[in-house]
Amino acid sequence: MKNQEKILAIINNIERVIIGKRDIAELCVVALVAQGHVLLEDVPGVGKTMMVRALAKSVGAQFKRIQFTPDLLPSDVIGVSIYNPKDMEFQFRPGPIMGNIVLADEINRTSPKTQSALLEGMEEATVTIDGVTMNIPKPFFVMATQNPIEHEGTYPLPEAQLDRFLIKLRMGYPSQAEEVEVLNRSQSTTVIDLDAVISLEDLIALQNEAKEIVVDDTIKNYIVDLANRTRKDSYIYLGVSPRGSLALMKASQALAMLRGRDFVTPDDIQYLAPYVFSHRMMLRSEARYEGITTQEIVERILAKTNVPIKRLVKQ
């Protein structure tokens, strides 16, 4: 199969159990191919956990789940060294972060101390225990779910944690027709019934080939221009970091591959920017008071920023 066909096969497989959320499935797969991570925020029961389980099944990945609770410790996430009296040495017992696709379920129900246990793994794909650094198996992908922070018993994610998620998504409730279809399919197809449509080797090859998608200098300048405007906006006190600019470029390369192109266009950037930038920006108090959202600010910046018109072709 061609690269585009492999990506579409994953998305179509997910759609066997996730009804009416193709755009969300596409963005999750884009993040996976771009070697990024996804934060899914929504109320309980709309399919967040099923989405990541279906994704793991579709690529034949080792799936691990971490149920975040208020009493969870960092060692419960990354693992712990236990003394073995027989061998008279410490042995490392890996935690659930040492998997291919990791579901961090209800990540905002645990303390910031435990949330921070994911930081090194999400950025560098390594964990450090007792001064020893170990690599996490490749591919490595974290999909975290969280309930809206206005719900009781939740902790807002710190800025450093949010910045490590490539994109942030909201599932939303299904339409009436879609919910009826959910009821119909629940009697015939479940996540357990899904088979892998590509191998882990195929996925790693997709990730490597996505890096080769051409990003013209005009596109790179466009990305940086958008990021700079978030840093200067009067409603924002913390704009998009350089990591955010890099995340948008990587995501646009994966999206171009999904759309069957070997180069990135301004349309890719405009489509992805709200998902990549919005959660990396911190609003001033007056913006929150006026009910302005970061997504609205990103859309306004997109509307005001000059779009590159140079014809984009593969060099």
Open item on the list: Under the 0.36 nm per residue contour assumption, what length would be gained going from the current alpha-carbon distance of R65 and E179 to full extension?
Closed with: 38.4 nm
Task: Nonlocal amide H pairs with G95, under 5 Å, H built at 1.01 Å - done: G79, V80
Task: Per-residue ³J(HN,Hα) for the stretch 91-101, Karplus 6.51 cos²θ - 1.76 cosθ + 1.60, θ = phi - 60°, Hz, x for Gly and Pro - done: 10, 8, 9, x, x, x, 5, 7, x, 7, 10
Open item on the list: What is the sum of charges, Lys and Arg at +1 and Asp and Glu at -1, for the other residues whose Cβ falls under 11 Å from the Cβ of P139?
Closed with: -1
Task: J(HN,Hα) series, the stretch 118-135, from Karplus relation 6.51 cos²θ - 1.76 cosθ + 1.60, nearest Hz, glycine and proline x - done: 8, 4, 5, x, 6, 8, 10, 6, 9, 10, 10, 10, 6, x, 9, 9, 10, 7
- [ ] Could I have the simple spin-label model distance between M50 and Q4, label points 7 Å from Cα toward Cβ, reported in nm to one decimal?
- [x] 3.0 nm
Task: Separation in nanometres of the label points that stand 7 Å from Cα toward Cβ, at E212 and E159 - done: 3.9 nm
Task: Calculated FRET value between T128 and L200, using beta carbons and R₀ = 30 Å, to 0.05 - done: 0.75
Task: For the stretch 3-186: relative contact order, % (alpha-carbon pairs under 8 angstrom, 6 or more apart) - done: 30 percent
- [ ] May I ask you to compute the full-extension gain from T293 to D267, defined as 0.36 nm times their residue separation minus their alpha-carbon distance, rounded to one decimal in nm?
- [x] 7.1 nm
Task: Candidates L183, L302, L73: whichever shows maximal mean-square fluctuation once the chain is modelled as a Gaussian network with Cα springs under 10 Å - done: L183
TODO: List every DSSP H helix in the chain whose Cα atoms extend 18 Å or more along the helix's own long axis and whose mean Kyte-Doolittle hydropathy is at least 0.5.
DONE: 242-258
Open item on the list: Take S116 and F92, extend 7 Å from each Cα along the Cα→Cβ direction, and tell me the distance between the two endpoints in nm.
Closed with: 2.1 nm
Open item on the list: For a Förster distance of 30 Å, can you work out the FRET efficiency between the beta-carbons of L238 and V307, rounded to the nearest 0.05?
Closed with: 0.70
- [ ] Please work out how much length the chain gains when fully extended from K220 to T190, using 0.36 nm per residue of separation minus the C-alpha to C-alpha distance, in nm with one decimal.
- [x] 6.6 nm
Task: Among 107-116, 85-94, the order from most to least packed when residues are scored by Cβ within 10 Å on average - done: 107-116, 85-94
Task: the chain, relative contact order [Cα under 8 Å, separation at least 6], % - done: 22 percent
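Computed from the coordinates by the stated procedures, all read-outs in this text should not be read as laboratory data. Since we're looking at a predicted model, the values are computed, not measured. All Cβ positions, even for glycine, are placed from backbone atoms using ideal geometry, and neighbour counts span all protein chains on display.
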